[in-house]
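The values are calculated or read from the model by the stated rules, or taken from the named source; none is laboratory data. Quick caveat, the model's predicted, so the values are computed rather than measured. We place every Cβ from the backbone using ideal geometry, glycine too, and count neighbours over all the protein chains shown. For the accessible areas, the whole protein counts, side chains as well, though only heavy atoms, and no ligand, DNA or RNA atoms are used. Shrake-Rupley method; radii C 1.70, N 1.55, O 1.52, S 1.80 Å.
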Amino acid sequence: MPLLLCDLDGTLVDRVGAFRRWVEAMAARTDQGASFVEWLVSLDNDGLTPRSEMYEELRARVDLDQSFEEFLAEYDANYPSHFEPDPAVSGALIVAREAGWRIAIVTNGYARQAEKIAAAKLAHLIDVVCISAVEGFWKPDPRLLELAVKRAGVRLVDSWMIGDSAENDIGAAAAAGISSVWLNRGQMWSRTDFRPSAETDTFAEAVTFVLGCST
């Protein structure tokens, strides 16, 4: 039985959309307008900006009466609830399961990643979840993928990786020696040391490609 290894943020869930909804809720609470929303979404840089830096920038722009620790605790508690189900993603996972594939999530991040999975209503479609901070391996370390394969009880050679990060997702697949599909999100591939087996615009297209290769 083959295994589909899936990244979470930017692959199975819309991380940018969820962050925007969190910012919109903050803007409503602090009486900020649309320009504030666009500014903070840009500052976030799809999660790459450290939360401490975001906090300092926010303090300089709005009247925050929270310490960094209080801000981070509130962010961690509220942000995951802004993730939403994506029918196209759920539908693709169902198709893969009906075709005999098992599904694993292999995601960089902390334990609260599980709350995103719950908010997006994905848990019932997933066989294995490996979160880097919980397991001790961070992609592109292939050991996170190998751990998921071991828990799923399948062969690594039969597995495919789908993800949107060239370095972390496709890099991990290359290190593990397995096939992969890169969700390009309108970007051009720039690495020269490894390449994905294929690239697509959406997760559903990636699943269709993988299933087509296995027939």
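Out of the residues in the stretch 29-38 meeting the condition of being open to solvent by 80 Å² or more (accessible area, probe 1.4 Å) and modelled with pLDDT under 95, tell me which one is farthest from R61 (Cα to Cα). The extreme case among them is R29. Residues in the stretch 44-99 that are of a type in the set (G, A, S) and touching a residue at least 40 places away in the same chain (Cβ under 8 Å): A88, G91, A92, A96, A99.
Has the stretch 176-197 got at least one residue that is open to solvent by 10 Å² or more (accessible area, probe 1.4 Å) and part of a helix (DSSP H, G or I)? Yes, some residue in the stretch 176-197 is open to solvent by 10 Å² or more (accessible area, probe 1.4 Å) and part of a helix (DSSP H, G or I).
Could you say whether any residue in the stretch 164-172 is within 14 Å of the chain's Cα centre (by Cα), at pLDDT below 95 and part of a loop (DSSP other than H, G, I, E, B)? No: the stretch 164-172 contains no residue that is within 14 Å of the chain's Cα centre (by Cα), at pLDDT below 95 and part of a loop (DSSP other than H, G, I, E, B).
For the stretch 39-49, residues that are modelled with pLDDT under 95 and of a type outside the set (A, V, I, L, M) total 3. Of all residue pairs spaced 6 or more apart or on separate chains, those with beta-carbon atoms under 9 Å, a first member in the stretch 180-200 that is at positive phi and a second member that is open to solvent by 70 Å² or more (accessible area, probe 1.4 Å) are R185/D201; G186/D201.
Criterion first (at pLDDT below 95 and either closer than 30 Å to C130 by Cβ or among the small types (G, A, S) (or both)) does G17 satisfy it? For G17, the condition - at pLDDT below 95 and either closer than 30 Å to C130 by Cβ or among the small types (G, A, S) (or both) - is not met.
For the stretch 16-45, residues that are touching a Phe, Trp or Tyr at 6+ places or on another chain (Cβ under 8 Å) and under 30 Å from I94 (Cα atoms) total 3.
Considering V149, V154, the condition of being touching a strand residue (DSSP E or B) at 6+ places or on another chain (Cβ under 8 Å) and either part of a loop (DSSP other than H, G, I, E, B) or surrounded by fewer than 18 Cβ atoms within 10 Å (Cβ to Cβ) (or both) is satisfied by V154 alone. Residues in the stretch 22-38 that are in a helix (DSSP H, G or I) and either touching a strand residue (DSSP E or B) at 6+ places or on another chain (Cβ under 8 Å) or of a type in the set (S, T, Y) (or both): S35 alone.
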